[in-house]
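A quick write-up on the structure given underneath.
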Amino acid sequence: MYQFNGQHVIVTGGTRGIGGGITEAFLKAGATVVATYSGNDEAARNFKEKHALYGDKLVLKKFNVANSGEVENFFKEYETLFPSLEVLVNNAGIRRDNIIASMNESEWDNVLDTNLKGTYNMTRFGVLAMMKNRYGRIVNMSSVGGKLGLQGQANYAASKAGQIALSLSVSKEVAKRNITINNVCPGFIETELIADLPEDQVKEYKSQVPMKRFGKVEEVAHAVLFFASREASYITGTNLDIAGGLNA
Ligand code: NAP
């Protein structure tokens, strides 16, 4: 597996779900990880306790990725705590599903603000931190939904497609600085994000997946570590589906 000894990693939404799995994988690979979250203190506390053996190598920070002021303050503090930033994983995300005729403005805004504006906020400051050392790896957590679309997910799919477009543009801007930016596009992964799906819908979705099952967080984390590795040095502006064959 890839080694991240001496590297500093930020994982947004890194205390539970897919982000929790990514944080854990980086810790196991030797990195120091700042795992961020927005409000679920209990999940954050439990996550810290579960990974107590990593001591100061796991740092938790609470802020809203959609709020540019909070993101700026986070990066100001980050610079006082750590000498460099090698890896940024933009994983924080939410769903607020509704059919378009019923989707209200706050359902649209909340999803776009968290998923897309959050990625912009973090990438903007993250790139500045990485440019100092002329090295960096950014991995965005998009979704196959951003390429396939799903009923009731116009907001979510638009935010995830937006992340892909953002990465394509940024990849061209920062390539000369030795900074890469790529997307992983999971299909259905077993986390709380999709725990509210009705049983018949779960059955229907599983039947559409060629592997006939939902994915596990470890299966996504593995791909993130690949893109984040020093070895993935000539790969930028790409998307990798992790979807059991439900590829867009
Ligand atoms: P999850 O279990 O609901 O966890 C979401 C994480 O994001 C939590 O840590 C949450 O913090 C954080 N977060 C939410 N809003 C935030 C905000 N405004 N600012 C900062 N952090 C915020 O979700 P997940 O299933 O692990 O999904 C993670 C990512 O994968 C998302 O981008 C999602 O769109 C994407 N994805 C998931 C699936 C899937 O099937 N699960 C499929 C494709 C893509 P708190 O803990 O404080 O709430």
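Points to keep in mind about this one:
- Of all residues in the range 100-153, those satisfying the criterion of being outside any helix (DSSP H, G or I), surrounded by fewer than 21 Cβ atoms within 10 Å (Cβ to Cβ) and not polar (S, T, N, Q) are 100, 101, 103, 132, 134, 135, 149, 150, 152.
Table: residues versus (1) at pLDDT below 95; (2) within 10 Å of the ligand (Cβ to nearest atom).
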position: 1; (1), (2): yes, no
position: 13; (1), (2): no, yes
position: 17; (1), (2): no, yes
position: 59; (1), (2): no, no
position: 66; (1), (2): no, yes
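- Looking across the range 186-226, the residues that are within 10 Å of the ligand (Cβ to nearest atom), touching a Lys or Arg at 6+ places or on another chain (Cβ under 9 Å) and farther than 19 Å from residue 111 by Cα come down to 190, 214.
- Count of residues meeting criterion [away from the ligand (no atom under 15 Å from the Cβ) and not acidic (Asp, Glu)] in the range 138-185: 15
- Among the candidates 181, 164, residue that is part of a helix (DSSP H, G or I) and in contact with a strand residue (DSSP E or B) (Cβ under 6 Å, 6 or more places away or on another chain): 164
- Residues of the range 68-106 classified as more than 30 Å from residue 56 (Cα to Cα) and within 14 Å of the ligand (Cβ to nearest atom), total: 4
- Positions within the range 1-38 being of a type in the set (S, T, N, Q) and over 19 Å from residue 93 (Cα atoms), in sequence order: 3, 5, 7, 32
- Inside the range 184-227, residues that are aliphatic (A, V, I, L, M), over 14 Å from the mean Cα position of the chain (by Cα) and under 15 Å from residue 21 (Cβ atoms) make up a count of 1.
- Scope the range 26-85; condition part of a strand (DSSP E or B) and buried (at least 16 other Cβ atoms within 10 Å of the Cβ); matching residues: 32, 33, 34, 35, 36, 37, 58, 59, 60, 61
- Unique residue being part of a helix (DSSP H, G or I) and under 16 Å from the mean Cα position of the chain (by Cα) when the list is 159, 171: 159
- Failed criterion for residue 205 (all others in (1) in a helix (DSSP H, G or I); (2) under 22 Å from residue 66 (Cα atoms); (3) of a type in the set (Ser, Thr, Tyr) hold): (2)
The values are calculated or read from the model by the stated rules, or taken from the named source; none is laboratory data. Because the structure is a prediction, the values reported are computed rather than measured. We place every Cβ from the backbone using ideal geometry, glycine too, and count neighbours over all the protein chains shown.
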